[in-house]
Amino acid sequence: MRNDPSRRRVHPEGQAVAAVLLAVVLGAARLPAAEPVAIIYDTDMAGDVDDVGALAVLHALADAGEARILGCMISAPNEWVGPCLDAVNTYYGRPDVPIGNVCGFQNGYPKSIDDRPIESKYTRAIAEAFPHDLKRSTDAPPAVTLYRKLLAEQPDASVTIVSVGFLSNLKALLDSSPDQASPLTGEELAKKKVKLWVCMGGKFPDGRFAGGGGEYNVTIDTAAAVRAVNDWPTPVVFSGFEIGARIKVGSKLAGTPERNPVRAAYLHYNALKPREAWDLTAVLFAVRGRRDYWTLSEPGLCLMHAGVPHGHNEWIPAPGRRHRYLIEKMPPAELADLIEELVIRPPRNGPK
């Protein structure tokens, strides 16, 4: 599923300031945080099932006291994503995690039209089979409104955003104006409140596949990817296509209860066969940092190009800049075992 107008400006930043930010954020990530990491999870939970696995990992880490889930944002237009997401949150004992829905989505992927729903093999089935409150995605508030509210409520430089889908919501946040939640613009609010953005997107160091296309998450709503990646005002770490592609998880869900919606999602998607862990790696890094799992690239710029017909990323090494990407360190099979243990871990406060 994750396969295959002009350059936007990149805000100039003082290299010394950016270097300090990177050192604080990325250096501190080597050890478990003293306080749970405050996470906003932004997902295109529809086309692929790794979004569900990633949410399971996030809940497992929250159960362990390593993360605090502030909210979940939907980046894929599909009325069943919201109820599916809510059902997973409910299973893990967190039915009140707020959910925001995408707006202003522009789908430039082949054979699609603007605002066409992203098809899914499992979201409706999960929504119809498991308890939840949200009836449809469009019943949720706009993601940009929820982003602004959640960020405004948090201490400065305290929030980690982990995006595992399209970047429509992050563009909308950057473009947003002052409102009742905050007198700051979206760019000001992100710069003030966000410590780190972890993005499952792009391909590194070469941003294109053999056929010339870019990675899926940055080719869908390419205009949003260009705006968000090129103009984001805080440190960003990318978990590129190549990181999750060699890590396969999901088959051990067969041993979990049938009342587990994560098991059901993988069952509907591919009959519980191992699936690549793209989104799961991003969540794991967002909470635990690199540890012995990965190394980090040199600092640089992940420059997004709109391209024709679809966008792609370009990596430009640049000392003192605020972008980095993950590089494989732990053997993929070993990391898969670690991640899958989190995926299948029973909820602490969920159904018994």
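The values are calculated or read from the model by the stated rules, or taken from the named source; none is laboratory data. Treat the numbers as computed from the prediction; the structure is a model and nothing was measured. Reconstructed Cβ throughout: ideal geometry from the backbone, glycine too, with neighbour counts over all protein chains shown. All accessible areas refer to the heavy atoms of the entire protein, side chains included, with ligands and DNA or RNA removed. Shrake-Rupley method; radii C 1.70, N 1.55, O 1.52, S 1.80 Å.
Name the residue that is surrounded by the most Cβ atoms within 10 Å (Cβ to Cβ), counting only residues in the stretch 29-46 that are of a type in the set (G, A, S) and at pLDDT below 95. Checking each candidate, the answer is A46.
Scanning the stretch 164-181 for residues that are open to solvent by 10 Å² or more (accessible area, probe 1.4 Å), part of a helix (DSSP H, G or I) and of a type outside the set (D, E, K, R) yields one hit, A172. Entry remark, the stretch 126-173: residues being of a type in the set (D, E, K, R) and more than 23 Å from V236 (Cβ to Cβ) number 5 in total. Checked against the criterion of being in contact with a strand residue (DSSP E or B) (Cβ under 7 Å, 6 or more places away or on another chain), at pLDDT 95 or above, under 23 Å from D42 (Cβ atoms) and open to solvent by less than 40 Å² (accessible area, probe 1.4 Å), the candidates W294, W278 yield just one match: W294.
Restricting to the stretch 264-298, give me the number of residues that are in contact with a Phe, Trp or Tyr (Cβ under 6 Å, 6 or more places away or on another chain) and in a loop (DSSP other than H, G, I, E, B). Can you show your working first?
If we filter the stretch 264-298 for residues that are in contact with a Phe, Trp or Tyr (Cβ under 6 Å, 6 or more places away or on another chain), which is where we start, we get 265, 268-269, 272, 297.
Narrowing further to those that are in a loop (DSSP other than H, G, I, E, B): 272, 297.
Residues in the stretch 264-298 being in contact with a Phe, Trp or Tyr (Cβ under 6 Å, 6 or more places away or on another chain) and in a loop (DSSP other than H, G, I, E, B): 2 in total.
Just one of the numbered conditions (1) at pLDDT 95 or above; (2) under 30 Å from A306 (Cβ atoms); (3) in a loop (DSSP other than H, G, I, E, B) is not true of E79: (1).
Run down L184, L196 and say which single residue is modelled with pLDDT of 95 or more and crowded, with 23+ Cβ neighbours inside 10 Å.
L196
Note on the stretch 337-352: among residues that are loosely packed, with under 15 Cβ neighbours inside 10 Å and assigned to a loop (DSSP other than H, G, I, E, B), the one that is modelled with the highest pLDDT is P346. Which of the residues belonging to the stretch 47-97 are open to solvent by 10 Å² or more (accessible area, probe 1.4 Å) and in contact with a Ser or Thr (Cβ under 8 Å, 6 or more places away or on another chain)? G47, P77, N78, E79, W80 - these are the residues of the stretch 47-97 that are open to solvent by 10 Å² or more (accessible area, probe 1.4 Å) and in contact with a Ser or Thr (Cβ under 8 Å, 6 or more places away or on another chain). Taking the numbered list (1) modelled with pLDDT under 95; (2) over 17 Å from the mean Cα position of the chain (by Cα); (3) not in a loop (DSSP other than H, G, I, E, B) in turn, V226 passes all entries but (2). Only residues that are over 30 Å from G93 (Cβ atoms), modelled with pLDDT of 95 or more and surrounded by fewer than 13 Cβ atoms within 10 Å (Cβ to Cβ) were counted across the stretch 318-336, and they come to 2.
Just the residues that are β-branched (V, I, T) and part of a loop (DSSP other than H, G, I, E, B), please, taken from the stretch 307-336. Across the stretch 307-336, the qualifying residue is only V308. Cβ separations smaller than 8 Å between residues 6+ apart or across chains give the following pairs from the stretch 256-272 residues that are acidic (D, E) to residues that are at pLDDT 95 or above: E258/A264. Report yes if some residue within the stretch 299-306 is assigned to a strand (DSSP E or B), within 30 Å of I126 (Cβ to Cβ) and touching an Asp or Glu at 6+ places or on another chain (Cβ under 9 Å); otherwise report no. Taking every residue of the stretch 299-306 in turn, none turns out to be assigned to a strand (DSSP E or B), within 30 Å of I126 (Cβ to Cβ) and touching an Asp or Glu at 6+ places or on another chain (Cβ under 9 Å).
Restricting attention to the stretch 301-317 and to residues that are more than 21 Å from the chain's Cα centre (by Cα) and closer than 21 Å to D221 by Cβ, the residue that is most open to solvent (accessible area, probe 1.4 Å) turns out to be V308.
So is I161 touching a Leu at 6+ places or on another chain (Cβ under 6 Å), of a type in the set (V, I, T), open to solvent by less than 10 Å² (accessible area, probe 1.4 Å) and within 18 Å of R290 (Cβ to Cβ) or not? Spelling it out, it is not the case that I161 is touching a Leu at 6+ places or on another chain (Cβ under 6 Å), of a type in the set (V, I, T), open to solvent by less than 10 Å² (accessible area, probe 1.4 Å) and within 18 Å of R290 (Cβ to Cβ). Scan the stretch 244-263 for residues that are open to solvent by 10 Å² or more (accessible area, probe 1.4 Å) and either of a type outside the set (K, R) or modelled with pLDDT under 95 (or both) and jot them down. A245, S251, A254, G255, T256, P257, E258, listed by residue number.
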